[in-house]
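Remarks on the structure that follows.
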Amino acid sequence: MTTKPVFDVEAVRKDFPILNREVQGKPLVYLDNAATSQKPQSVIDKLVSYYSEINANVHRGVHTLSQEATDEYEGARSKVRKLINAKEEAEIIFTRGTTEGINLVAQTLGVQRVGEGDEVIISNMEHHSNVVPWQVLCDQIGAHLRVVPINDDGELLMDEYEKLLSPRTKLVSIVHLSNALGTINPVKDIVAIAHQHDVPVLLDGAQSAPHLPVDVQDLDCDFYAFSGHKLYGPTGIGILYGKRELLESMSVYQTGGEQIKSVTFEKTIYNDLPYKFEAGTPNIAGAIGLGAAVDYINTIGLDRAEAYESELLQYGTEQLQTIEGLKLIGTAQHKSGVLSFLLEGIHPHDIGTVLDTQGIAIRTGHHCTQPLMQRFQIPATARASLAFYNTKAEIDALVEGIHKTFEVFS
Ligand code: PMP
């Protein structure tokens, strides 16, 4: 008697055409999902059908194509709203990605709320895109960046976070799931504590949206930013969720067509949410492709994917720990999908190069988290990052590739 597998990874892999290709004569082992994930056929088909059947500008035309494009575009917004359980579509703003979402908040709410001598709290494990926009804001205004420290496992020191909050704190911006360590931060607590001080919180969801079920109302975060391309969707499209009352109170970011109600040379009246923050012709194909990615994820079920990925992570962690001379960076209790490591005596770039000869794609470098590398006093790591289409056999290939790397450099 055969039992049905809980998560049929072989069936899932068939949905991703790129997983059939070879690299350097070997089957591709794609373990760079934190940088960008691969796209299922349904997303690729959606992009092709948009351009071949309904390409038109949105919100502008009375003609059929424009109406169809608008329906698809707004339909995608609605799918994203459901995915993260926002209250209303008006709270879902299409952006270019996480980076643009964070910059948007820094240059609107940030400029309005933060004054000279005030403080913005981030953490030691932030991606540069959740560091630099706040640094720029602080420099503009004469405010200060405060940084929540982490322990050697790569976990936030929550006591220190609480101590950093003061009447000078005007904003908190923290990553939900670290791209370099895999740490899942206790963001619900982070939000609740900040709210006791009336401080709004932005969550960088670039890594969490593709790997964890997210409910922005349950988290009670004020903003949540993520990117389509890590969520099995196209590049150049992302989402900024914000609570309506905050979005309404915010000044505009970019200005121009689409985001206005009326314009005279004397005065412009801005459009309602979410269009107020969507100046210019948007990435229509990208948004529609993201909608198809959300449909795809719903067929998989993020909760099932999360359970499978965490099994894979556990297996990978156990396997890597058996390798002499390998050190894992990022050993938090609550982790998802990231195996960052060092090999004694070998530079991470060399690891990546040897693995590539085996068809294995990993990321090497500082992962856009230089302050985190400084905290661990290392220049870089080698990072294997997982998705639900990866397999234990691919982890075994990685382990074999690491042994091969040691041989090459011995
Ligand atoms: N934050 C985190 C945690 C990330 O991993 C990334 C992408 N590596 C970003 C922000 C920036 O995302 P994007 O480049 O898609 O704007």
Hey, residue 294 surrounded by 15 or more Cβ atoms within 10 Å (Cβ to Cβ), in the same structural domain as residue 215 (by TED's automatic domain parsing) and touching a Ser or Thr at 6+ places or on another chain (Cβ under 9 Å) or not: no
Selected residue (criterion: farthest from the ligand (Cβ to nearest atom)) from residues of region 192-212 that are within 13 Å of the chain's Cα centre (by Cα) and not in a strand (DSSP E or B): 212
Residue ID - nearest to the ligand (Cβ to nearest atom), chosen from residues in region 70-90 that are within 18 Å of residue 250 (Cα to Cα) and open to solvent by 20 Å² or more (accessible area, probe 1.4 Å): 89
Residue list for region 103-115, filter: within 16 Å of the ligand (Cβ to nearest atom) and open to solvent by less than 50 Å² (accessible area, probe 1.4 Å): 103, 104, 105, 106
Count - residues of region 260-283 that are of a type in the set (Asp, Glu) and either crowded, with 18+ Cβ neighbours inside 10 Å or in contact with a strand residue (DSSP E or B) (Cβ under 6 Å, 6 or more places away or on another chain) (or both): 1
Qualifying residue in region 299-316 (condition: over 30 Å from residue 8 (Cα atoms) and open to solvent by less than 70 Å² (accessible area, probe 1.4 Å)): no
Some residue of region 91-102 being at pLDDT 95 or above, within 16 Å of the ligand (Cβ to nearest atom), under 16 Å from residue 279 (Cα atoms) and assigned to a helix (DSSP H, G or I): yes
Verdict on residue 56 being away from the ligand (no atom under 16 Å from the Cβ), hydrophobic (A, V, I, L, M, F, W, C) and touching a Phe, Trp or Tyr at 6+ places or on another chain (Cβ under 9 Å): no
Every residue from region 278-300 that is under 18 Å from the mean Cα position of the chain (by Cα) and small (Gly, Ala, Ser): 286, 287, 289, 291, 292, 293
Contacts under 7 angstrom Cβ, first residue in region 306-321 being more than 22 Å from residue 213 (Cα to Cα), partner among the aromatic types (Phe, Trp, Tyr), 6 or more apart: 320/341
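The values are calculated or read from the model by the stated rules, or taken from the named source; none is laboratory data. Nothing here was measured: the structure is a model prediction, and the numbers come from that model. Reconstructed Cβ throughout: ideal geometry from the backbone, glycine too, with neighbour counts over all protein chains shown. What goes into the accessible areas is simple: the full protein's heavy atoms, side chains included, and nothing from ligands, DNA or RNA. Shrake-Rupley method; radii C 1.70, N 1.55, O 1.52, S 1.80 Å.
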